[in-house]
Each structure stands twice: as structure tokens, then as C-alpha cells.
Amino acid sequence: MNIKKIESHPYRLKFKKPFKTAGDIYENRDGFILKVHSGSFIGIGEVSPLKGFNIESLQECYYALEAINQTINDIGNIGRDDLFDIFDLHSMMMPSLLFGLETAVFDILSQESKLPLSKYLNNNSSNVLKVNGIHGLHNPNDGFDIIKIKLGYRNIYDDIKKMEELSNIYGEKVKFRIDANGQLDLVKAIRFCKSMEKFNIDYIEQPIAPDNFEDLAELRLHTKIKVAVDESIVDIFSAYKLIDNQCADIFVIKPMTLGKYSTINKIIEIAKENEIECIITNMFDSAVNRMACMHFALSNNIGNECGISADDIFDLDIAKTPEINNGKLAINDCPGLGIILND
Ligand SMILES: [Mg+2]
């Protein structure tokens, strides 16, 4: 590679409806788009850490990028791994920046190889990805097989009523993924799962606080519902620990909170070795990160429905992502990330 410079272009995207996380309400999504220039190619990536999910701030990512730019200034020809080493050196504890930078580099490398990013990473990858729908964003006519809903925040009887309503609306074939964002203690989680067992549940996600590995494991002994972890996975070490402690049936993987492609690949590999299923999801990011997550999920042959369907949540997005039909999307043959940024 002949790296010339890395540009950052800040964006602010307005949510159509304010977006709530466990601790905050957001009117806008803020981040920046990276453009890595190498020879005649431009690779793009996105950096958009989200409070509550990422430990790094957007400002810290800017500072780190400045240091990287100073290091690579006029560096000329450099191999991928040496470049990644420079990124690592300046982006410690900044997974959103690392994922964005590596995405941009893989975008360039796959463009050079005239392959879609997913095929560049794994020549045997499919071009069709299954995704889940989201309650409140999608409706039964959209044809999703799996719908995600946030529950576990309120009175359990209200949650049961909600599930009865949804099961009627969506019909018996549709499965639900319930995300409790770590709100329950062990006793409540057991009671909650028992009450949910009569519904068509795919899994319950992060029922218990992310660092409470002991209770996550205990819960699995008390329910037939599969237990997924999301916020518990913060790095490769936590993934090993979750496996060792038998805390989960499913890993919900957010690349922007984990960073390097090789790290995330390793997490998926050890999960598979231990019969833990993986899904890839994003954090209401712009089209660039959604697209990166689609390629990444395809390159890992993730067969389960991934959480990358929030494609109509902004007044105006940065670019278009593949259309979702009946819970499926297809990546075209366009080399690289295959995304054309709006002006
Ligand atoms: Mg979650």
C-alpha cells in the first residue's frame, strides 16, 4: 500500500425519532467518516463511538487519528500489518477507531483485488445475509422471521401482556429476541424467563448485568430460553471468560466495541469451537458501518439473523445500504465496501 493521508469528515445525522439507550436519549448520531488514500484508491470507514457502549469518546478518536497521521506522514509504501501496528499503537482502548481504520484499509485492499469486501476476507462467503426486524421500526408486513424487542424494564405483568399482544400481531411463526440490557437480577431473571417460555422466543439478550458472569451461568440452569450476551463481551479475554464460565448460548457481537477484525474473528472462532452461536449487530450507525458489518458477518458465514436492519432511522443517511426484503439483504459484486457516499 502507498498510504498518503487519512482524512476525517465529521457527520451529524438526525434521528427520525429520538433514540433511547439504557442511560441516554439521542436526537442525533455523531461520528466521522474516514477516508484513507492509497495510490489511486480511497478506502472508507466510520468512527462513531456511543456512550454506554464504547469507553472512548469521539474527541479521543480525533486525537488518536491526529497522532496516526503524524506517524504515517510521507511514509510511502507500507505493508498492511505494519500499518495495523501503527493503528494499534495509537488506538489502545479505542475499538471504534480501530474498526473504522481497518475497514477503510480492507476497503482499499478488496478494491485492488476487484472483490467485494466480504469475498476478499473469505472467498467462500455468501452474498445474502439474514437480518432481524426491530419492534417499533418494522411491522408484520415486512416479513421478518425474527423481531427484536427491549423488555425487562417494567412490571413483569406488563411485559407478559406486551408479548401476548406481539405474538397475536406477528403470528406464531415469528420468533422474538428480548433484550433486557442487563436490567434484571438473578431472581427476577429466572421469573422473567419462566414467564416468557410460553412465547416463541429466540433468545434473551443480556438479562443480567454484563460483569455478573456467575449469575448469567446460573440463569442458564433455570430456563429453556437461550441466553445471549452482548455488553458482557468487551474483548477477547471477556469472551474466553464467558466461555469458561458457561455464561451464554449466543454471542451478540458489536464490531465497533471490539475493534480489530482479527480479534473479532478470533472471538467468533472460539465461540464456534464451544458451540456458541454468534450474531453481528451495530449501534444505529450510519450506512458505512452498517455496510462494514454486513460484509464482516458474511465473511464469517454468520447464518443467524444479524442486527443490521435499522436502515431508515435518519432524516438523511450518508449513503444507501442494500434493501431488506423479508428479512434478507444481498450484497452486490461491487469491489470493496461497495458504498457511494452522498454529497
Ligand atoms: Mg443488546
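The values are calculated or read from the model by the stated rules, or taken from the named source; none is laboratory data. Source: prediction; values computed, not measured. Every residue, glycine as well, gets a Cβ built from its backbone with ideal geometry; the counts of neighbours run over all protein chains shown. These accessible areas exclude ligands, DNA and RNA; they are computed on the full protein's heavy atoms, side chains included. Shrake-Rupley method; radii C 1.70, N 1.55, O 1.52, S 1.80 Å.
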task: Work out the FRET efficiency for Asp343 and Leu221 from their Cβ-Cβ distance, taking R0 = 45 Å, and round it to the nearest 0.05.
output: 0.20
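Taking all protein chains in place and a 1.4 Å probe, what share, in percent, of the accessible surface of the stretch 69-129 do carbon and sulfur account for?
48 percent
Kindly state, to the nearest 0.05, the FRET efficiency for Asn332 paired with Arg191, given R0 = 51 Å and r defined as their beta-carbon distance.
Here the calculated transfer efficiency is 0.60.
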- line: Averaged per residue, the 1.4 Å probe accessible area of the stretch 273-337, protein heavy atoms only, in Å², is roughly 37 Å²
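Fully extended, how many nm does the chain gain between Glu273 and Lys16 (0.36 nm per residue separation, minus their Cα-Cα distance)?
Computed gain between Glu273 and Lys16 is 88.4 nm.
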- request: Could you go through the stretch 213-229 in sequence order and give the Karplus-derived ³J(HN,Hα) for each residue, using 6.51 cos²θ - 1.76 cosθ + 1.60 with θ = phi - 60°, rounded to whole Hz, and x for Gly and Pro?
  value: 5, 4, 6, 4, 5, 4, 4, 4, 7, 10, 9, 7, 6, 5, 9, 10, 10
- request: Name the most mobile residue of Leu137, Leu97, Leu258, meaning the one with the largest mean-square fluctuation, in a Gaussian network model of the chain with Cα contacts below 10 Å.
  value: Leu137
message: For the chain, set up a GNM with springs between Cα atoms under 10 Å and report which of Lys148, Lys260, Lys20 has the largest fluctuation.
response: Lys20
statement: Of the listed links Lys14/Lys150; Lys17/Lys226; Lys4/Lys51; Lys35/Lys241; Lys17/Lys266; Lys119/Lys241, those spanning more than 29 angstrom between alpha carbons are Lys17/Lys226; Lys4/Lys51; Lys35/Lys241; Lys17/Lys266; Lys119/Lys241
message: Just to confirm, what accessible area per residue do you get for the stretch 40-174 at 1.4 Å probe, in whole Å²?
response: 50 Å²
query: By a straight-distance test (C-alpha under 13 Å), which aspartates and glutamates pair with Lys114 as possible cross-link partners, with residues fewer than eight away in the same chain excluded?
result: Asp333
Relative contact order of the chain, pairs being alpha-carbon contacts under 8 Å that are 6 or more residues apart, as %: 20 percent
field: Tensor-based shape of the stretch 1-152 (alpha-carbon gyration tensor, a/c under 1.5 rounded, otherwise prolate or oblate)
entry: oblate
The stretch 139-190 and the stretch 247-269: distance between their alpha carbon centers, rounded to Å: 25 Å
task: May I ask you to list the residues of the stretch 140-160 whose amide nitrogen lies under 14 Å from a point 7 Å from Cα along the Cα→beta-carbon direction of Asp249?
output: none
Nearest-20 debye value, the stretch 1-106 charge dipole, Cβ charges on Lys, Arg, Asp, Glu: 680 debye
message: Can you give the FRET efficiency to the nearest 0.05 for Met93 and Asn127, using r as the Cβ-Cβ distance and R₀ = 41 Å?
response: 0.75
query: Using a Gaussian network for the chain with springs between C-alpha atoms less than 10 Å apart, which of these wobbles most: Met92, Met294, Met256?
result: Met92
task: Note down the net charge around Glu214, summing +1 for each Lys or Arg and -1 for each Asp or Glu among other residues with Cβ under 15 Å from its Cβ.
output: -3
query: With axes computed from alpha carbons, what is the tilt in degrees of helix 186-196 against the longest principal axis of the chain, rounded to the nearest 10 within 0 to 90?
result: 80 degrees
message: Give the aspartates and glutamates reachable from Lys162 as a straight Cα distance under 19 Å; neighbours fewer than 8 places away on the same chain don't count.
response: Asp145, Glu172, Asp179, Glu197, Asp202, Glu205
